[in-house]
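Following: one structure in structure tokens, then a few remarks.
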Amino acid sequence: MLNILGNLFKSSNQRRVDGYEKIVKKINLKEEEISKLSKEEFKKIDVDNDDALIDIFAAVREASKRTIGLRHYDCQLIGGLVLNGGNITEMKTGEGKTLVATLPAVFNALLGKKVYVVTVNDYLAERDANWMKPVYEYFGLSVGALTSAQDFKDKQATYESNIIYCTSSELGFDYLRDNMVLFKNQKTQKDLNFAIVDEVDSILIDEARTPLIISGATDDDASAYPVFLKLLPNLQRQMREGSEEEPLEDNERGDFLIDEKLRSVELTDDGFEKVENFLVNRNLIKPDESLYTTNNLKFLKYIQATLKANLLFEKNVHYMVENNKVVLIDDNTGRKLPGRRVSEGVMQALECKERVPIQQETQTLASTTYQNFFRLFDKISGMTGTADTEAAEFKEIYGMDVVVLPTNQEMVRNDMNDVVYVNEADKFNALVKEIKEIHEKSAPILVGTASIESSEKLSNRLKKEGIRHQVLNAKFHEKEAMIIAEAGRPGAITIATNMAGRGTDIVLG
């Protein structure tokens with residue numbers, strides 16, 4: 001009875017998967033016929049008939065078997081069909097998203113479309129392009145990897161390829177650069193036909209509004225920042241804003257208010273008075289002038305930037321100092337952002353705070369967001385391990401459906417529920433206790449943390465307990481792949497910020 005009801009009331013996701021499984025059966029029936037074709041015959045497969053999709057998918061599976069020794073599972077074929085339809089496939093970690101992308105990539109490239117496979121970093125773009133290259137070349141297709149280190153000529157050559165592996169930021173910045181050139185032959189990017197986006201929830205939802213900005217120099221005076229740094233010791237923080245019902249006591253008054261949520265600092269009336277006196281004493285404004293007169297408004301910018309840099313930006317959490325330069329750290333990924341700068345003088349104030357050379361301030365020359373950029377494509381699709389929770393946003397913003405795929409074999413991993421603690425101390429105590437228990441069984445442990453700060457806090461706790469471990473965060477970017485590759489050894493303990501090492505395979509045992 002339950003089976004009959006189950007079949008009657010299948011979820012919409014299951015009904016979609018059932019529909020794709022019917023097509024997969026047809027692809028499987030072609031396997032024997034395709035396996036008899038010679039290499040030359042692969043390059044002559046007709047893409048204009050009604051069964052082209054079935055023929056090409058069966059051919060890609062066979063080409064993959066012959067070249068890199070990997071045969072697509074049926075669930076991977078379903079993933080390829082979902083991507084080809086311009087939708088999102090949610091696949092569990094380790095189910096082979098890299099191989100899935102070859103199916104729609106070959107099909108669309110043979111139809112004469114430019115295919116972009118978008119990965120999360122340069123390392124993965126190069127690795128995946130080289131790994132899958134033999135499959136594409138079996139069909140006479142060219143493949144290239146686009147990285148931030150390439151010069152103009154290399155980029156132009158890469159964009160000539162049928163299939164291009166790249167990062168979202170490099171693709172977006174090339175689009176902006178192309179829109180700033182004077183002559184057509186100075187452009188690099190070609191038609192934006194079809195994009196397959198890996199970790200699609202991260203790029204199209206979490207970082208959708210992240211601005212991509214190309215900037216140029218301004219005529220701002222960097223020598224003013226050290227002067228305003230001397231102002232800080234004279235200012236006191238005010239913990240709350242006064243109201244008519246609860247006016248401030250004299251001992252509660254201060255010079256500035258911090259809004260942690262909005263990440264902003266505001267001067268109080270007392271603060272403005274102190275700043276004006278400070279400027280008068282240094283002959284920067286006349287005694288009878290206000291900070292708000294037209295000539296003096298520039299000082300407000302220096303003050304705001306100095307306050308933000310010193311009160312809102314924490315070293316080794318929001319930025320780090322490397323090679324005598326301030327390097328920002330991405331809040332979402334824990335990765336370094338070389339070349340990225342904060343606007344409105346905050347970056348100069350940070351450089352002044354850390355006593356490193358102050359770079360000239362910049363102004364925006366061109367900008368877009370990931371959301372606006374990816375909407376320029378004729379067709380986009382995506383893969384991730386976590387998309388179902390954002391299915392409504394994907395449908396509303398991009399018109400894409402999320403299809404959750406079954407795993408190739410029964411799931412044996414336990415995906416436990418979250419455990420919530422009253423305070424941080426309790427959480428760290430429980431974490432260290434659990435690490436000890438698992439470590440005694442010689443099982444490998446990977447601990448994910450949200451920031452460099454928390455990864456180092458945990459590391460210090462483990463050091464006190466005498467437990468050997470590796471720390472992987474933005475500070476150790478260069479050793480990243482090596483540390484992650486070793487993380488599966490028996491008894492290995494690796495602490496990583498939430499996206500450091502993402503995409504590197506951890507082999508157990």
Here region 37-152 gives, from Cα atoms, an Rg and Dmax in Å of 14.0, 43
Determine how many Å³ per residue the convex hull of the Cα atoms of the chain encloses. 225 Å³
From the gyration tensor of the Cα coordinates in region 64-218, what semi-axes in whole Å does the equivalent ellipsoid have, largest first, with each one equal to sqrt(5λ)? 28, 18, 13
Region 149-200: Rg/Rh from Cα coordinates, Kirkwood Rh? 0.95
How big is the C-alpha Rg of region 1-102 next to the rule-of-thumb value 2.2 N^0.38 Å, as a ratio? 1.21
Per residue, how much accessible surface does region 153-204 expose to a 1.4 Å probe? Answer in Å², no decimals. 42 Å²
Ranked by accessible surface with a 1.4 Å probe, highest first, in what order do THR93, THR98 come? THR93, THR98
Given a 1.4 angstrom probe, I'd like the percentage of the accessible area of the chain that is carbon and sulfur, rounded to a whole number. 48 percent
Just report the Cα centroid separation between region 348-425 and region 277-341, whole Å. 28 Å
Using alpha carbons only, how many angstrom separate the centre of region 169-220 from the centre of region 105-152? 18 Å
What does the charge count near GLU40 come to, summing +1 for each Lys or Arg and -1 for each Asp or Glu among other residues with Cβ under 15 Å from its Cβ? +1
So for each of 147-154, 113-120, 27-34 I average, over its residues, the number of other beta carbons within 10 Å; can you give me the resulting order with the highest mean first? 113-120, 27-34, 147-154
Protein-only accessible surface order, largest first, of LYS427, LYS336, LYS353 at 1.4 Å: LYS427, LYS353, LYS336
Nearby lysines by direct alpha-carbon distance to LYS184 (threshold 29 angstrom, same-chain neighbours under 8 apart not counted): LYS113, LYS114, LYS153, LYS155, LYS379
Treating cross-link reach as a plain straight distance, find the lysines whose alpha-carbon is under 21 Å from the alpha-carbon of LYS457, omitting any fewer than eight places away in the same chain. LYS315, LYS336, LYS427, LYS433, LYS436, LYS475, LYS479
Mind ranking VAL403, VAL412 by accessible surface for me, highest first, 1.4 Å probe? VAL412, VAL403
Hey, could you pull the Cα Rg and Dmax for region 159-294, both in Å? 24.8, 71
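The values are calculated or read from the model by the stated rules, or taken from the named source; none is laboratory data. Just so it is clear, the structure is predicted and the values come from calculations on it, not from any experiment. As a convention, Cβ positions derive from the backbone with ideal geometry for all residues, glycine included, and neighbour counts pool all protein chains shown. What goes into the accessible areas is simple: the full protein's heavy atoms, side chains included, and nothing from ligands, DNA or RNA. Shrake-Rupley method; radii C 1.70, N 1.55, O 1.52, S 1.80 Å.
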